[in-house]
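The values are calculated or read from the model by the stated rules, or taken from the named source; none is laboratory data. Keep in mind the model is a prediction, meaning the values are calculated, not measured. Neighbour counts run over all protein chains shown; Cβ positions are idealised from the backbone, glycine included.
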Amino acid sequence: MLKGRLGLETARIPHADRHGLLWLSRGALGVEDGTLQFRCAGAPGLEAGDHAIPFQTVSLLLLGPGSTVSHDALRLCARHGTGLVAVGDDGVRLYTAPPLLPDTSHLARRQARVWADADGARLSIARRMYAWRLGEVLPHRDITVLRGIEGSRMKQLYRLLAERHGVQWHGRHYDRQNPTAADLPNQAINHAASAVEAAAAIAVAATATIPQLGFIHEDSGQAFVLDIADLFRDTITIPSAFDAAKEAARTPTLGIERLARRTTGKMLRDKAVIPTMIDRIKDLFHADDRGGDP
């Protein structure tokens, strides 16, 4: 196609000029009169009724439970470069995230560049992540030493938060082959961690960064997602897990998975964690929305 033909190369609003994320749930997303329309039955933060969706000015639509989407809606979103992601309530699950085809590849290129420099830039990124979590810049330049320090701090945090929440704590135990064999606090931590990882996956999808290229985690296909989720382990994952464990002990009939998911989801929503994760990713690679340095 010739450059400038039909003006298609300028038809999209740049993502730097859009308004980020729009949450939709419990309704039907379709097209009427050439624009997106969401018929909502009523959801938190969204009244029942028909809502016109300004999809050209939104980077990512998050479609929650109880919702359907038409083929026309998918076509219109793709035409205008608006991402559509299926998520759980409050972003505690990520079910699908198609490629967003962003305006530029600057974040992904910066990520790949620093990741490839294993002994220099990659370690610097890992040290910055640990500094954000631990509140200080550690002098160590060996990733195994940093992991050990973080592990020791986490043990102290577990004990402190368990005491604060009045929850009995006998240490962190997790059997991947039999996760339900763990006690309530450990099960709650597992479920809360899954919820925060889903939120991190949404942030990674929204920034079009590369999930496989992690700086602290390495082997997982979601290594970078795990890196971002861990930034919020101290402030979101563990506190919400112990909240859920405390409630489960008071009300044994409530399932720990559901309690942990709801408790974590509320904290994700109240503290605007996903937008904060997106900002952290940009800060990590010293990039603004337009691909330049701050």
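The single condition from (1) in a helix (DSSP H, G or I); (2) modelled with pLDDT of 90 or more that residue 78 fails is (2).
Yes/no matrix, rows are residues, columns are (1) loosely packed, with under 14 Cβ neighbours inside 10 Å; (2) not assigned by TED's automatic domain parsing to the domain that holds residue 237:
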| position | (1), (2) |
| --- | --- |
| 49 | yes, yes |
| 58 | no, yes |
| 71 | yes, yes |
| 77 | no, yes |
| 82 | no, yes |
| 92 | no, yes |
| 114 | no, no |
| 120 | yes, no |
| 155 | yes, no |
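With respect to residue 134, determine if the residue is in the same structural domain as residue 223 (by TED's automatic domain parsing) and free of Cβ contacts under 8 Å to residues at least 24 places away in the same chain. Against the criterion (in the same structural domain as residue 223 (by TED's automatic domain parsing) and free of Cβ contacts under 8 Å to residues at least 24 places away in the same chain), residue 134 qualifies.
Being closer than 30 Å to residue 125 by Cα and surrounded by 19 or more Cβ atoms within 10 Å (Cβ to Cβ) is true for just one of 256, 189. Which residue is that? Unique residue meeting the criteria: 189. Can you find a residue that is among the β-branched types (Val, Ile, Thr) and either in a strand (DSSP E or B) or at pLDDT 80 or above (or both) anywhere in region 13-20? No, there is no match, as no residue in region 13-20 is among the β-branched types (Val, Ile, Thr) and either in a strand (DSSP E or B) or at pLDDT 80 or above (or both).
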